[in-house]
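Below: the structure, in structure tokens.
The values are calculated or read from the model by the stated rules, or taken from the named source; none is laboratory data. As the structure is a prediction and not an experimental result, all values here were calculated from the model. Positions of Cβ are generated from backbone atoms using ideal geometry, with glycine treated the same way; all protein chains shown enter the neighbour counts.
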Amino acid sequence: MYALVDGNNFYASCERVFNPGLQHKPVVVLSNNDGIIIARSNEAKALGIKMGTPAFKIKDLVNQNQVVAFSSNYALYGDMSQRMMQIFHDFTPAVEVYSIDEAFLDFNGFDLSHIRATGVKLRQKVRKYIGIPVSVGFAPTKTLAKIANRIAKKHMSDGVALIDTPEKIKKALQMTAIEDVWGIGRQHSRFLQQHKVKTAWDFTQLSDSFIRKKMSVTGLRTKAELLGTACIPLELIPPPRKAIRTARSFVKSTADYEFINEAVARFAAACGEKLRQQQSAANLLTVFLRTDKFDKKNSYYANSFTVQLSNTSSGIDLVKAAKKALKIIYKKDFTYKKAGVLVSGLVPEKNRQLSLFDTHYSKHRQVMKIMDQINKTNGYHVLKLAAEGQASAWHLKQKYRSKRYTTRWQELIEIKV
């Protein structure tokens, strides 16, 4: 038996923990640079505010309905997530952290006679110690647990749903739209709808040969999971990422090449830090650049360029490659709103292919190791490469950010008596 535990409206709920006056009020959380809506409370959803909507497009709606907007506060959300995940370990040692606000829990081998009561107890403990409301869905497979969680959130008064019999499985699949099935993407969802497959139950009635032909073995695995046969094991150790991306929108559009050059250098260095954290090296680096797609007065331009690397995690190598790529795609006739760096073709650092022409790499590794140690001990980005410059305008705009109550001594909540 698996459980999928999900924090309800997690970012908005984190803000409410330290500001109880927000209860029952519409709350939204904005993306980097306060650009688009990335989280909503139920009250905000009821107003028709959609995920991914640019904030400037609903300014009047926000003002008229007294919607409270927050800049994304990832330090707070990340810490609250870790605290929540720790409580999950109190109920089972096998926990797969699936995202910042949800996790799969493995209860195989447990006494399942009171499993639903366990879910209620888990939910109560998280609310008591963390302040976050969660929904719990139990089922014999991870895919069904996802569906059970959705049912718990939308239809169960106590926030817990249990799918443990063939009858319950059939009913749950019949009430789940095909586009809401975990593992079926948009493209396959549209294709299936064209073949009159509207629900998860409809999908399970398709022949194995049809699914294999149109969706490969992955589709067959999803079908088996929906029918109650577990095919997807718990991932207790997160797999290394296959690509790493760092990108930001600028506070204001700019044509200043040196400004953009420093920003791209910072993004490349950040990719290097993430590579070293997971002990990987990259074979390819891509720089992308674009103007403001919402600017109707000026022409839109977007471009990217990829540079071949010699399997490196050195920030020095990555910055050099990024600056080379930027020169190729930059055009002075445009003002740019966003830039980013993507490293791919990742291999384990210990397995990187050696080259006769990268004798400098061992020296770079020593320098990077010292930089990482200093930054870890003394604070983020205390030491950086000169190419990153001193620019701050491309740093995150967080006009409405709440305090980092749990990770900064100077921002601890104050209680006056």
At negative phi and over 27 Å from the mean Cα position of the chain (by Cα): is that true of Lys296 in this structure? yes
Members of segment 280-293 that are within 21 Å of the chain's Cα centre (by Cα) and within 18 Å of Met371 (Cβ to Cβ): Ser280
Within segment 9-64, which residues are of a type in the set (D, E, K, R), in contact with a Ser or Thr (Cβ under 8 Å, 6 or more places away or on another chain) and over 20 Å from Ser81 (Cβ atoms)? Lys25, Asp34
Which ones in segment 52-84 are out of contact with any helix residue (DSSP H, G or I) (no Cβ under 9 Å at 6 or more places or on another chain) and hydrophobic (A, V, I, L, M, F, W, C)? Phe56, Ile58, Leu61, Ala75
Across segment 182-197, the tally of residues that are out of contact with any helix residue (DSSP H, G or I) (no Cβ under 6 Å at 6 or more places or on another chain) and part of a loop (DSSP other than H, G, I, E, B) stands at 4
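Please go through segment 11-35 and give me each residue that is part of a helix (DSSP H, G or I) and either touching a residue at least 60 places away in the same chain (Cβ under 8 Å) or among the aromatic types (Phe, Trp, Tyr) (or both), ordered by number.
If we filter segment 11-35 for residues that are part of a helix (DSSP H, G or I), which is where we start, we get 11-17, 20-22, 32-34.
Passing the criteria: Tyr11, Ser13, Cys14, Glu15, Arg16, Val17, Asn32, Asn33, Asp34.
Being surrounded by fewer than 14 Cβ atoms within 10 Å (Cβ to Cβ), at pLDDT 85 or above, among the basic types (Lys, Arg) and over 24 Å from Asn33 (Cβ atoms) is true for just one of Lys332, Lys369, Lys416. Which residue is that?
After ruling out the rest, the residue left standing is Lys369.
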Out of all the residues in segment 195-208, is one or more under 22 Å from Leu112 (Cβ atoms), under 28 Å from the mean Cα position of the chain (by Cα) and not assigned by TED's automatic domain parsing to the domain that holds Gly78? no
Looking only at segment 147-175, which residues are crowded, with 24+ Cβ neighbours inside 10 Å and not hydrophobic (A, V, I, L, M, F, W, C)? Asn149
Selection count, segment 252-269, where residues are without any contact (Cβ under 8 Å) to a residue 60 or more places away in the chain and closer than 19 Å to Ile374 by Cβ: 0
Mind listing whichever residues of segment 64-108 are of a type in the set (D, E, K, R) and in a strand (DSSP E or B)? Glu96, Glu102, Asp106
If I go through segment 280-319 residue by residue, how many of them are buried (at least 18 other Cβ atoms within 10 Å of the Cβ) and not hydrophobic (A, V, I, L, M, F, W, C)? 11
Spot the failing condition for Phe138; the list is (1) in a helix (DSSP H, G or I); (2) of a type in the set (A, V, I, L, M, F, W, C); (3) buried (at least 23 other Cβ atoms within 10 Å of the Cβ); (4) touching a helix residue (DSSP H, G or I) at 6+ places or on another chain (Cβ under 7 Å), and only one is missed. (1)
Taking the conditions exactly as written (part of a strand (DSSP E or B) and either without any contact (Cβ under 8 Å) to a residue 40 or more places away in the chain or not assigned by TED's automatic domain parsing to the domain that holds His114 (or both)), does Ile38 satisfy them or not? yes
Given (1) closer than 24 Å to Ser249 by Cα; (2) in contact with an Asp or Glu (Cβ under 8 Å, 6 or more places away or on another chain), where does Met51 come up short, assuming only one miss? (2)
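Conditions tested, residue by residue: (1) charged (D, E, K, R); (2) touching a Ser or Thr at 6+ places or on another chain (Cβ under 8 Å); (3) outside the structural domain of Ala145 (by TED's automatic domain parsing); (4) under 29 Å from Arg401 (Cβ atoms).
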| site | (1), (2), (3), (4) |
| --- | --- |
| Phe70 | no, yes, no, yes |
| Glu102 | yes, no, no, yes |
| Gly109 | no, no, no, no |
| Ser113 | no, no, no, no |
Within segment 141-173, can you find the residues that are part of a loop (DSSP other than H, G, I, E, B) and touching a Gly at 6+ places or on another chain (Cβ under 7 Å)? Thr141
Counting just the residues of segment 8-32 that are crowded, with 22+ Cβ neighbours inside 10 Å and farther than 17 Å from Val134 by Cα, which one comes out farthest from the chain's Cα centre (by Cα)? Pro26
Being loosely packed, with under 14 Cβ neighbours inside 10 Å and at pLDDT 85 or above is the filter; apply it to segment 227-241 and report the residue that is farthest from Ala325 (Cα to Cα). Thr229
Would you tally the residues in segment 109-135 being in contact (Cβ under 8 Å) with a residue 24 or more places away in the chain, in a helix (DSSP H, G or I), of a type outside the set (Gly, Ala, Ser) and under 30 Å from Ala224 (Cα atoms)? 7
